[in-house]
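Undergrad: Handing you this structure, nothing more for now.
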Amino acid sequence: MPGDGTPGPDGTGTPPGQEGWHLSSPLALTLLLLLVVVFQGPVRGALSTPVMQSWMTVFVAVVVQALPFLVLGVLLSAAIAVFVPPSFFARALPGHPALAVPVAGLAGVILPGCECASVPVAGALVRRGVTPAAAIAFLLSAPAINPIVLTATAVAFPRDPEMVVGRFAGSLLVACAMGWLWQRLGRTDWLRLPAHAHHEGETRGEAFWSSVRHDTMQAGGFLVLGAMAAATLKAVAPADWLRTAAADPLIAILALSVLAVLLSICSEADAFVAASLTQFSLTAKLAFLIVGPMIDLKLFAMQAGTFGRGFALRFAPATFVAAIAGAVLTGAVLL
């Protein structure tokens with residue numbers, strides 16, 4: 001009988017309908033709101049401090065900049081997953097992986113978004129059977145060589161048109177190099193193939209919106225985590241570090257590369273930030289523009305969520321080094 005310890009259908013002694021108390025998301029949100037109301041005085045005081053105001057400004061800026069392009073990427077990802085047959089990619093890309101890498105890198109020109117859009121799209125490409133080396137090249141090139149980003153760079157550097165050429169050439173060079181590096185040294189056990197919901201019995205429209213919800217929840221959560229980390233570092237970093245770093249050319253390149261990772265600025269806005277750093281050389285600014293769209297805090301979090309933490313821990317440092325090397329090489333030739 002219920003409540004007398006008689007084993008239930010699951011054999012655990014728990015009666016049906018009383019399997020245990022679970023903390024659901026709505027309940028957790030309600031409890032959080034109640035705590036905020038009860039402790040609104042201390043919370044208001046903490047949020048009014050300069051550090052917290054700076055934190056909230058950076059956090060909201062990163063999320064607001066990235067969210068529209070994340071949605072764009074999710075929509076493209078769902079469209080690829082539902083409407084594009086796997087045979088399309090076999091026809092569109094060369095059969096040899098070494099040739100597929102530069103073709104996929106150049107295909108990044110067609111994605112009018114930032115790095116937040118490229119992650120779910122690259123995940124969809126891998127799910128559809130595209131070789132990971134080609135998907136990596138697309139993942140890295142798309143945020144930096146699409147027309148919107150290049151136009152923003154031209155507007156930010158009206159007197160230095162070579163910055164547009166340098167950004168395009170350097171980003172494509174690094175993207176192809178990383179794709180070829182993965183083709184040669186990458187291992188399948190380092191890459192967790194992106195999981196996706198199955199859609200048997202659903203119409204194409206139902207499957208499309210199911211894919212959108214799945215990718216939005218996954219990629220959006222990691223975007224928020226990355227934005228929180230970027231805001232925290234931005235709020236506590238001393239402001240005079242940049243002035244000291246700009247005095248040495250090599251340190252300036254490394255400093256702006258690290259800054260690009262920490263700030264996690266959308267690639268469609270980072271050119272204006274780079275242009276405002278007038279004390280730095282054009283090569284250092286180019287490093288900022290190449291590194292940022294390829295690896296930053298929010299990207300690391302999103303890549304870990306899409307392809308696995310093991311992949312991100314190996315991919316991020318290699319990409320960081322390759323991006324700096326590509327920026328230095330491109331800057332030496334063009335700037």
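The values are calculated or read from the model by the stated rules, or taken from the named source; none is laboratory data. Keep in mind it's a predicted model, so treat the numbers as computed, not measured. Every residue, glycine among them, receives a Cβ derived from its backbone with ideal geometry; neighbour counts consider all protein chains shown. Ligands, DNA and RNA are stripped out before the accessible areas are found, and what is left, the full protein with its side chains, is counted by its heavy atoms. Shrake-Rupley method; radii C 1.70, N 1.55, O 1.52, S 1.80 Å.
Undergrad: Being touching a residue at least 60 places away in the same chain (Cβ under 8 Å) and open to solvent by less than 30 Å² (accessible area, probe 1.4 Å) is the filter here, so list the residues in the stretch 120-135 that pass it.
TA: Those that are touching a residue at least 60 places away in the same chain (Cβ under 8 Å) and open to solvent by less than 30 Å² (accessible area, probe 1.4 Å): Pro120, Ala122, Gly123, Ala124, Val126.
Undergrad: Which one of these is under 13 Å from the mean Cα position of the chain (by Cα) and part of a helix (DSSP H, G or I): Leu289, Leu256, Leu250, Leu225?
TA: Just a single option satisfies the conditions, and that option is Leu225.
Undergrad: Of these, Ala284, Ala301, Ala318, which one is part of a helix (DSSP H, G or I) and surrounded by fewer than 20 Cβ atoms within 10 Å (Cβ to Cβ)?
TA: Ala318
Undergrad: Are any residues in the stretch 163-193 under 28 Å from Val273 (Cβ atoms), open to solvent by less than 50 Å² (accessible area, probe 1.4 Å) and aliphatic (A, V, I, L, M), and if so, which ones?
TA: Within the stretch 163-193, Met163, Val164, Ala169, Leu172, Val174, Ala175, Ala177, Met178 meet the criteria.
Undergrad: Now for a different question. With the structure loaded, tell me whether Thr278 is part of a loop (DSSP other than H, G, I, E, B) and open to solvent by 10 Å² or more (accessible area, probe 1.4 Å) or whether it fails that test.
TA: Answer is yes for this residue.
Undergrad: Going by what's in this entry, would Ala230 be described as open to solvent by less than 20 Å² (accessible area, probe 1.4 Å) and modelled with pLDDT under 90?
TA: yes
Undergrad: Could you please give the count of residues in the stretch 146-162 that are in contact (Cβ under 8 Å) with a residue 12 or more places away in the chain, surrounded by fewer than 24 Cβ atoms within 10 Å (Cβ to Cβ) and in a helix (DSSP H, G or I)?
TA: 7
Undergrad: Moving on to the next point. Answer yes or no as to whether Leu299 is touching an Asp or Glu at 6+ places or on another chain (Cβ under 9 Å) and closer than 19 Å to Ala61 by Cβ.
TA: So Leu299 fits the description; yes.
Undergrad: Quick one: Ala255 ticks every box in (1) at pLDDT below 80; (2) more than 27 Å from Leu70 (Cα to Cα) bar one, so which box is it?
TA: (1)
Undergrad: Further question on the same structure: Which of the following residues is of a type outside the set (Ser, Thr, Tyr), in contact with a Phe, Trp or Tyr (Cβ under 9 Å, 6 or more places away or on another chain) and open to solvent by 10 Å² or more (accessible area, probe 1.4 Å): Ala255, Ala269?
TA: Among Ala255, Ala269, only Ala255 is of a type outside the set (Ser, Thr, Tyr), in contact with a Phe, Trp or Tyr (Cβ under 9 Å, 6 or more places away or on another chain) and open to solvent by 10 Å² or more (accessible area, probe 1.4 Å).
Undergrad: Looking only at the stretch 28-39, which residues are surrounded by 11 or more Cβ atoms within 10 Å (Cβ to Cβ), assigned to a helix (DSSP H, G or I) and modelled with pLDDT of 70 or more?
TA: Within the stretch 28-39, Thr30, Leu31, Leu35 meet the criteria.
Undergrad: Sort out which residues of the stretch 316-335 are within 23 Å of Leu125 (Cα to Cα) and either touching a Phe, Trp or Tyr at 6+ places or on another chain (Cβ under 6 Å) or at pLDDT below 95 (or both), and write them in order of number.
TA: Residue satisfying the conditions is Ala316 alone.
Undergrad: Here's something else I'd like to know. Among the residues of the stretch 51-88, how many are modelled with pLDDT under 80, over 20 Å from the mean Cα position of the chain (by Cα) and open to solvent by less than 70 Å² (accessible area, probe 1.4 Å)?
TA: Number satisfying all stated conditions: 4.
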